[in-house]
Each structure stands twice: as structure tokens, then as C-alpha cells.
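Right, one structure below, let's go through it.
The values are calculated or read from the model by the stated rules, or taken from the named source; none is laboratory data. Not measured: the values here are computed from a predicted model. Neighbour counts run over all protein chains shown; Cβ positions are idealised from the backbone, glycine included.
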Amino acid sequence: MSSIPWKELEHLPSKEQRALQNQNLRAMVQKRLYPFSAYYRELFDREGISPKDIRCVEDLARLPLTSKRDLLPSEEDPERSRRMVLVPDKELITEHWGLRDRLPLLLQALTQGKSAVKEALRREYYPIFMTFTTGRSAQPVPFLYSRHDLDELEQSGTRLNSILGFHRDWRVLNLFPYAPHLAFWQVFMAGFAGGNMVLSTGGGKVAGTEGNLRGMERLQPESLVGVPGYLYHLLREARNRGMRMPQIQTIVLGADTVPPGLKIKLKTLLAEMGAEDLDILGTYGFTEARMAFAECPTKDGSSSGYHFYPDKGIFEIIDPETTEVLPFEADGELVYTPLTGRGTTVFRYRTGDRVQGGIQTGPCPHCGRTLPRISSRLSRASSITNLDLKKIKGTLVNMEEIGQVLADDLEIEEWQVEIRKKDNDPHEVDELILYISIRASAEIATVRERLQKEIKVRTEVTPNEILPLPLEQLLNRVGMEKEMKEKRFVDARAQQ
Ligand SMILES: [Zn+2]
């Protein structure tokens, strides 16, 4: 595997990026994935593919995709994801590595002793940390990290700081929920690696509104980092108490989709607290990548897309129905292949995330970096729900689209979407109910009409009811500060 200094990578021409990816891909498949992953060795053998057949990004299409299902425990194998952990041993190394690959190990054994070789391999491969996937319905799957992977997490942290435009002297308030989830630890490690002062409060469930507001007041942070819904709730509370935060420079949102309207709402709130001219930036990360990618600051507040690191991974775009590989700029599902990780390693992994506008290559119009950028218009596939709104046939509705309309609406403070059976009768049709809490200055009739129209245009369905609720009641419904993640979508059909 070859590594390249960040300063060089940031502006590397596309062609050289591709050469670097191909080189790292070959090393990954031949030296690590095939020899050390029980799952992928079996898969290659079953498909009749030799590790030597995968020489460049285009060759990846020959490999079957891996999806969440392949990681879930099965009856025969309750710890199925373990088969995707890279586990080297002496026999596997002797069997799969040529003399040229083994030479450095042999030399190290000669000069420093066999225990030094063992120790180096342990640092590189032995799992010492884990985070879990956070699917709504599926069981959480552990993703293991070796010390090497934590070094990678630190490195992606410093890269994030660079793209987000963080200054070294900035103090950062980390509001992500304290949990074995990527977001919290990515920010934690970014602070360690970048040398920033970071206060990690553990988020709403751990520190509560009071604790977080106190933290904000004492630390006087230049940057707040957290889940969009929670950050908005906290800043609204801060504004209502007359707090001033003129020092804030950047708000970083993660672990959830970032609706453009929410960025505007946050900006308005912060302006009322004395913070002008600040950046509100989104990030995109997922457990299986074990790192996150960020937007860069833009003059007009538009979204630059998420800059990713071609030396560390490959993104493909596929047609979610046919699984055919599409051109970079196409709409489709994101598929990820890591190139430098150890521990739990998935290859050609179906993220389930749909992107509109695909991946942009060429220099970023905002920061000039040549890193490829994933369009900021992302939605999670898990939010595509089958609704029986009529007796005849089901309709597939992307709940995320409805959520986006609600989050984008400047007159809506909080919201929740509920699907239930008409009259609580399991044989009846489904109903779509929206609960909203609107601003004091807003007219419910106008908001209702606007939502009906907008949701119909975006999803082709019309909500059965749009019910206004007082803010406190709605905050209770979504479980703000009680749940690890706000309950924005409730499917009450199964319980009836
Ligand atoms: Zn940029």
C-alpha cells in the first residue's frame, strides 16, 4: 500500500488518484483480503475469481456485492460478521504471500527477533476497539478496529478538520451521543489528532439540555458538532434563554441527513445569538467505512458535496434494482470498498444510501481540492416504506422525502411522521399522519396547505391528517434527550 502526504493528495490530478487507487486495491486484495478474510476467500473461490484478476477499479464489478444481510447473524452462524475480520497467521502468510512480501518480516525477525514481528502484526491486525451499525430494525453488527485502524480514524479526523476549515486554536463542543457509534469517536479522535480542545458531553441523553448549555457557556466553543435535530433543539433553547454565542465559527452536522432548510433555520437562530458569517457544514459517514467525509465552507452557504479520500477507498454508483455499475455522475446507490482498513473489512459494500447527482470529480469550485465529492443530496434506503393507502396495491414511499419537506419548512419547529392502520383495524388501509409544531407567527391552515402540496409533488401521496401539537408535547413524542436518536418516523401498524 502506498501512502501520500495529505497536502499532495488534496490536489492530486484525477488520473494519478486512479493510479493510486488501483495500486492500493491490488495490495489490499492480494495481500490482505484474500489471504486473511475467511468470508472473501470463500467468495472468490466460489465465483472462480483469482485475487490477481482484480487489478483496477473497473475489475471490481466482477465481484459480487456485499450487503447488510451478509453481516447479520444466522442460525448456523450467530457471529457471522467475524468471518469478515482480517485474521493473519503464520500458515496463511506462508501460503499466500510471495517471498518479496515476506522479506520485510524475515528481516525484522533477524534484526529484532521474532517477538518484534509478532508485536507489529498484533498492532496492525488485533482488534482492540469496536463500533456498531445503527440500523432501525436490523440487529446491530460490530465493526472491529485494530490499533492501525485507530491510526486511520485519527488520520481521517485530521483530514476532516482540514476540509471543514477548522483552526487549531478552536474549541469544539462534541454533542454526538456517547455510544459505540462512529460519529462520537470520529470527533473524539479528530480532536486528539488535530490538537484541538474538544469537550465531549455525550449529547442530550447523557448531559441533558442543562448540562450541554452549561458546557457551551463555559467552553465558549468556536465549533459545535452533533446530530442536526438535536443541535437545532439545543440552540433554540439557548436562544430562548437569551444566550449569546458570537464566537461560533462553524457548525458541523452528522449521523443523519442534513436538510438544506435546517441549515437556514440554524443560521437564523445563531444570528439571533450574535453569531454572523458562520459555516454550517454536513458530514457523511457510516459504520462500515470506519471514517467520515465532509463538506467544505462555501461563500453562498450551498453544499459542496462530501469530499472523500481516493487513497483510502473506492465509491461506485449502482442501479439499486439491477445492481449494474453506473457512471459517476448518475443517481443511484453508493457502494463502498475500503483500501487501507484491517479488522472487519467489507468489500463492494451496498450502503443502502441513495445519492442524487452522484459523484463529482475535478477541482471543487469552493476549495479547489481535486478530491472526488459525493453529492450532498443523500437519502437512506431504510426509509423506503411500503404503504397500503388504497385497497388495490401498495405504494413505495421514501419517508426521508417527507421528513425533508418538514425539516426544510421554515415555519415548522418540530415534527413526527406516523403510519397507522385506519380505525386501528389490521385489515384496513394505512394512514399517513403528520404531527407538527409550528412557529407562533405561522398560520396552521397555510402550513397545512403548503405541506399537502409539497408532499404530493415529492412522493405522490397525500397525508391523511396534519395535526398541530404544542412544542413540549412534540419534543416528548420524538423522545428528545430520552432516545439515542429522535423518533421522527413511527410505524404503528405492527403493534395494532
Ligand atoms: Zn471543497
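So the values come out like this:
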read-out	value
Unique match (being more than 16 Å from the ligand (Cβ to nearest atom), of a type in the set (G, A, S), surrounded by fewer than 23 Cβ atoms within 10 Å (Cβ to Cβ) and in contact (Cβ under 8 Å) with a residue 40 or more places away in the chain) among G274, G285	G285
Selected residue (only one of K31, K90 is of a type in the set (K, R) and crowded, with 18+ Cβ neighbours inside 10 Å)	K31
Filter pass, R380 being surrounded by fewer than 20 Cβ atoms within 10 Å (Cβ to Cβ) and within 16 Å of the ligand (Cβ to nearest atom)	no
Top-ranked residue in the stretch 412-424 [being part of a strand (DSSP E or B) and among the acidic types (D, E); ranked as nearest to the chain's Cα centre (by Cα)]	E414
Some residue of the stretch 403-411 being away from the ligand (no atom under 16 Å from the Cβ), free of Cβ contacts under 8 Å to residues at least 40 places away in the same chain, touching a Lys or Arg at 6+ places or on another chain (Cβ under 6 Å) and not in a helix (DSSP H, G or I)	yes
Subset tally (residues that are closer than 24 Å to T344 by Cβ and among the small types (G, A, S)) for the stretch 79-109	1
Selection from the stretch 292-303 of residues that are over 20 Å from A183 (Cβ atoms) and either touching an Asp or Glu at 6+ places or on another chain (Cβ under 7 Å) or modelled with pLDDT of 95 or more (or both)	P297, T298
